[in-house]
Amino acid sequence: MSFIPIVVSLLVLAAHYLRGGCLPIALGVVGLLVLLVVRRSWVARVIQVVLTLGALEWLRTLVTLAMRRSEQGEPFLRMTLILGAVAAVTLVSALLFETPTLRRFYGSSSDV
């Protein structure tokens, strides 16, 4: 159950990059899905870093689009709420690797 938000966050992030024309990054993010089955602590950290950077990318996109829409006099509140929620879910997905279940799964030290 812990993997569902992580998988969804990675897929939505890959779709974002694909829509932006960044096929190599989109494929790299999709490739991380394969790593989820590798039970090593470094895998958890790599995916955690990618998801954290993904959350920052969503916030950057939010600010860019909100500014553009505001300048053009277009509504932007709904888009801001949606992208803010996507950024929050992506960040929470990164934090799931700190739960006892995923720490045990990936063999992460409890001292970290």
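The values are calculated or read from the model by the stated rules, or taken from the named source; none is laboratory data. Please read all numbers here as calculations on a predicted model, not as lab measurements. Cβ coordinates were reconstructed from backbone atoms using ideal geometry, including for glycine residues, and neighbour counts include every protein chain displayed.
Yes or no: V43 under 11 Å from the mean Cα position of the chain (by Cα) and either modelled with pLDDT under 95 or within 26 Å of Y106 (Cβ to Cβ) (or both)? No: the conditions fail for V43.
Take segment 56-75 and flag every residue that is touching a Phe, Trp or Tyr at 6+ places or on another chain (Cβ under 9 Å) and hydroxyl-bearing (S, T, Y). Matches in segment 56-75: S70 only. With respect to the conditions (1) touching a helix residue (DSSP H, G or I) at 6+ places or on another chain (Cβ under 7 Å); (2) free of Cβ contacts under 8 Å to residues at least 24 places away in the same chain, R19 lacks only one, and its number is (1). When M1 is tested against (1) closer than 24 Å to R104 by Cα; (2) assigned to a helix (DSSP H, G or I); (3) modelled with pLDDT under 95, only condition (2) is not met. Checked against the criterion of being among the hydrophobic types (A, V, I, L, M, F, W, C), without any contact (Cβ under 8 Å) to a residue 40 or more places away in the chain and buried (at least 17 other Cβ atoms within 10 Å of the Cβ), the candidates L91, L96, L62, L33 yield just one match: L62.
Counting only residues that are surrounded by 16 or more Cβ atoms within 10 Å (Cβ to Cβ) and at pLDDT 95 or above, which one in segment 74-88 is farthest from A14 (Cα to Cα)? Out of the qualifying residues, it is T80.
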